[in-house]
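Have a look at the structure below, then the notes.
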Amino acid sequence: MGVVKTWQLDAHKTASPIDHPDASITPVKLSFGSLKKVAEVNVTSNTTQVTITGLDIKADKFYLIVFTTKNPTATSGWVSMYVEADTTAANYYSQYFHATGTGLAGGLYNAAYIGHVDSGDRNAFIVWLVRDPDGYPRFNCYAMRKTGSGTEINLNSGSKTATVTNITRLDFIHDVAGGIGAGSKIIIYGASG
Amino acid sequence: MMVKTKRLVVDVKTGRQWEEEFDFTPPAPAPMPEPINFEGLRKLLDFAKKMGWI
């Protein structure tokens, strides 16, 4: 069995080696308390909806979703994130805020919007998704809408109007058919321990 | 108007991934709120102060 060596400075700034047996440091231990990748989805052709099943937010504690996307269609539209196969928009609320140049805007939507992807443009969503102590799914999404000089800050926070016992499925749906373009990618992380 | 489109389904437990065709009715577009231009508002306040209105 080998050892893993670390160095520690004493009061006289002299480095002393400390040997750790291999068995004391494992990949599992190193990853404890950090993020683990739960899913990675690559969209290879234009699609309207991405459905991810087999999740377990009770075991994974929360989800951090990194979703980079492009809208290849000629129509702008919102992307919604639904939980547990409930794709009825009226069962969600989403509060929106955006900053564009010196302009600020906000609005409340009776929908599951996480962000807006303009026609022929791109966006990146960083979504935190949790199930609160009473069982309501809640999310916050930081979106980097538009590109170049048109770049905006977009924030959406929302929740479902009813509780769920777990989050095992997510559906991402663009308002426009084919609005989730080839090259889009969704990576989902959860807590590793 | 309903259109035929597709969804990508991924099962993270099994690693299986497939595409399904489904009928999709695009929702009515939600209006984007008009931004309040704070630079314009600041200029208006400066002007109102200069005129002695506030």
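Pick from A:Gly115, A:Gly120, A:Gly178, A:Gly158: which is part of a strand (DSSP E or B), over 13 Å from the mean Cα position of the chain (by Cα) and of a type outside the set (Ser, Thr, Tyr)?
A:Gly158
Taking the stated definitions as given, is A:Thr14 without any contact (Cβ under 8 Å) to a residue 24 or more places away in the chain, assigned by TED's automatic domain parsing to the domain that holds A:Leu155, more than 22 Å from A:Ala177 (Cα to Cα) and among the β-branched types (Val, Ile, Thr)?
no
From A:Asp10, A:Asp22, A:Asp56, which residue is acidic (Asp, Glu) and modelled with pLDDT under 75? Break it down stepwise before answering.
On the way: A:Asp10 fails: modelled with pLDDT under 75; A:Asp56 fails: modelled with pLDDT under 75.
When all the criteria are applied, what remains is A:Asp22.
Considering only region B:5-28, state which residues are under 20 Å from A:Ala89 (Cα atoms) and surrounded by fewer than 17 Cβ atoms within 10 Å (Cβ to Cβ).
Across region B:5-28, the qualifying residues are B:Phe22, B:Asp23, B:Thr25, B:Pro27, B:Ala28.
Of these, A:Ala59, A:Ala74, A:Ala90, A:Ala85, which one is surrounded by fewer than 17 Cβ atoms within 10 Å (Cβ to Cβ) and within 16 Å of B:Val10 (Cβ to Cβ)?
That would be A:Ala85, the only listed residue that is surrounded by fewer than 17 Cβ atoms within 10 Å (Cβ to Cβ) and within 16 Å of B:Val10 (Cβ to Cβ).
For region B:13-33, does any single residue satisfy the condition of being more than 30 Å from A:Phe172 (Cα to Cα), at the interface with chain A (Cβ under 10 Å from one of its Cβ atoms) and among the aromatic types (Phe, Trp, Tyr)?
No, there is no match, as no residue in region B:13-33 is more than 30 Å from A:Phe172 (Cα to Cα), at the interface with chain A (Cβ under 10 Å from one of its Cβ atoms) and among the aromatic types (Phe, Trp, Tyr).
List the number of the failed condition for A:Phe97; all other conditions in (1) touching a Ser or Thr at 6+ places or on another chain (Cβ under 7 Å); (2) assigned to a strand (DSSP E or B) hold.
(1)
Between A:Ala85, A:Ala59, which is within 12 Å of chain B (Cβ to nearest Cβ) and in a loop (DSSP other than H, G, I, E, B)?
Numbers: A:Ala59 fails: in a loop (DSSP other than H, G, I, E, B).
Of the residues listed, the single one that is within 12 Å of chain B (Cβ to nearest Cβ) and in a loop (DSSP other than H, G, I, E, B) is A:Ala85.
List every residue pair whose Cβ atoms sit under 7 Å apart, with the two residues 6 or more apart in sequence or on different chains, where the first one lies in region A:99-127 and is more than 12 Å from every other protein chain (Cβ to nearest Cβ) and more than 18 Å from A:Ala177 (Cα to Cα) and the second, anywhere, is modelled with pLDDT under 95 and surrounded by fewer than 16 Cβ atoms within 10 Å (Cβ to Cβ).
Sorted first by the residue in region A:99-127, then by its partner, the list stays empty.
Among the residues of region A:125-137, is any touching a helix residue (DSSP H, G or I) at 6+ places or on another chain (Cβ under 8 Å), among the charged types (D, E, K, R) and in a strand (DSSP E or B)?
Filtering region A:125-137 for residues touching a helix residue (DSSP H, G or I) at 6+ places or on another chain (Cβ under 8 Å) gives A:129-131.
Adding the requirement that they be among the charged types (D, E, K, R) leaves A:131.
When the remaining residues are screened for being in a strand (DSSP E or B), the result is A:131.
Yes, that holds for at least one residue.
Restricting to region B:2-12, name every residue that is within 7 Å of another protein chain (Cβ to nearest Cβ) and either of a type in the set (Lys, Arg) or in a loop (DSSP other than H, G, I, E, B) (or both).
B:Lys6, B:Arg7, B:Val12
The values are calculated or read from the model by the stated rules, or taken from the named source; none is laboratory data. What you see is a predicted model, and the numbers here were worked out from it, not measured in a lab. In this analysis, Cβ positions are derived from the backbone assuming ideal geometry, glycine residues included, and neighbour counts consider all displayed protein chains.
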